[in-house]
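J.: Right, I'll just put the structure down here and ask away after.
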């Protein structure tokens with residue numbers, strides 16, 4: 001089949017990324033997978049861009065007529081990276097300390113996950129819910145798009 005997968009590891013541990021790569025290699029699927037990581041020891045700007053970079057890759061494969069599975073692990077860490085970048089830029093925090101641009105940043109990412117007449121993107125996203133609080137702004141903003 002013409003499908004393809006893109007994995008965006010936002011804030012992954014180096015060991016986890018390495019283990020995942022070797023699992024993909026042992027499974028002989030690396031020719032149908034793209035992996036992009038912004039590891040937890042990297043600056044927040046790097047981690048913030050990983051999900052968008054992975055999505056850009058998924059869009060390219062979709063535009064080539066492929067059906068793409070786009071995995072994001074973890075969308076909460078995408079939000080946290082945005083919070084850190086916002087603080088570095090001197091922005092006043094919003095609810096619960098998140099960046100005031102949370103809804104906009106999440107919308108920019110989520111609304112690009114679309115299908116066309118020739119290809120599709122289906123997204124699977126790991127969502128961490130802090131303290132199991134579904135009203136926390138980060139998961140609440142994420143869930144609004146899922």
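J.: Considering every residue within region 124-138, establish whether at least one is closer than 30 Å to residue 60 by Cα, surrounded by fewer than 18 Cβ atoms within 10 Å (Cβ to Cβ) and out of contact with any strand residue (DSSP E or B) (no Cβ under 8 Å at 6 or more places or on another chain).
T.: The first filter runs over region 124-138 and keeps only residues closer than 30 Å to residue 60 by Cα, leaving 124-128, 138.
Filter once more, keeping what is surrounded by fewer than 18 Cβ atoms within 10 Å (Cβ to Cβ): 124, 126-128.
Within this subset, residues satisfying the condition of being out of contact with any strand residue (DSSP E or B) (no Cβ under 8 Å at 6 or more places or on another chain) are 127-128.
Within region 124-138 (the criterion being closer than 30 Å to residue 60 by Cα, surrounded by fewer than 18 Cβ atoms within 10 Å (Cβ to Cβ) and out of contact with any strand residue (DSSP E or B) (no Cβ under 8 Å at 6 or more places or on another chain)), the answer is yes, since at least one residue qualifies.
J.: Mind checking which residues of region 64-99 are over 19 Å from the mean Cα position of the chain (by Cα) and in a loop (DSSP other than H, G, I, E, B)?
T.: Narrowing region 64-99 to residues over 19 Å from the mean Cα position of the chain (by Cα): 64-66, 87-97.
Hits for region 64-99 are 64, 65, 66, 89, 90, 91, 92, 93, 94.
J.: Working carefully through the options 40, 24, find the one that is in a loop (DSSP other than H, G, I, E, B), under 22 Å from residue 74 (Cβ atoms) and either at pLDDT below 95 or in contact with a strand residue (DSSP E or B) (Cβ under 8 Å, 6 or more places away or on another chain) (or both). Talk me through it step by step, then tell me what you get.
T.: On the way: 24 fails: in a loop (DSSP other than H, G, I, E, B).
After applying the criteria, what remains is 40.
J.: In region 61-87, what residues are surrounded by fewer than 15 Cβ atoms within 10 Å (Cβ to Cβ) and either under 26 Å from residue 114 (Cα atoms) or touching a helix residue (DSSP H, G or I) at 6+ places or on another chain (Cβ under 7 Å) (or both)?
T.: Of the residues in region 61-87, the ones surrounded by fewer than 15 Cβ atoms within 10 Å (Cβ to Cβ) are 63-65, 87.
63, 64, 65 - these are the residues of region 61-87 that are surrounded by fewer than 15 Cβ atoms within 10 Å (Cβ to Cβ) and either under 26 Å from residue 114 (Cα atoms) or touching a helix residue (DSSP H, G or I) at 6+ places or on another chain (Cβ under 7 Å) (or both).
J.: Among the residues of region 110-137, which ones are within 13 Å of residue 55 (Cβ to Cβ) and either without any contact (Cβ under 8 Å) to a residue 12 or more places away in the chain or in a loop (DSSP other than H, G, I, E, B) (or both)?
T.: 111, 112, 113, 114
J.: Just checking, does region 43-53 include any residue being in a loop (DSSP other than H, G, I, E, B), under 19 Å from the mean Cα position of the chain (by Cα) and at pLDDT 95 or above?
T.: Of all residues in region 43-53, those in a loop (DSSP other than H, G, I, E, B) come to 43.
Narrowing further to those that are under 19 Å from the mean Cα position of the chain (by Cα): 43.
Filter once more, so that each one left must be at pLDDT 95 or above: 43.
Within region 43-53, one or more residues are in a loop (DSSP other than H, G, I, E, B), under 19 Å from the mean Cα position of the chain (by Cα) and at pLDDT 95 or above.
The values are calculated or read from the model by the stated rules, or taken from the named source; none is laboratory data. Treat the numbers as computed from the prediction; the structure is a model and nothing was measured. Methodologically, a virtual Cβ is constructed for each residue, glycine included, from the backbone with ideal geometry; neighbour enumeration extends over all protein chains shown.
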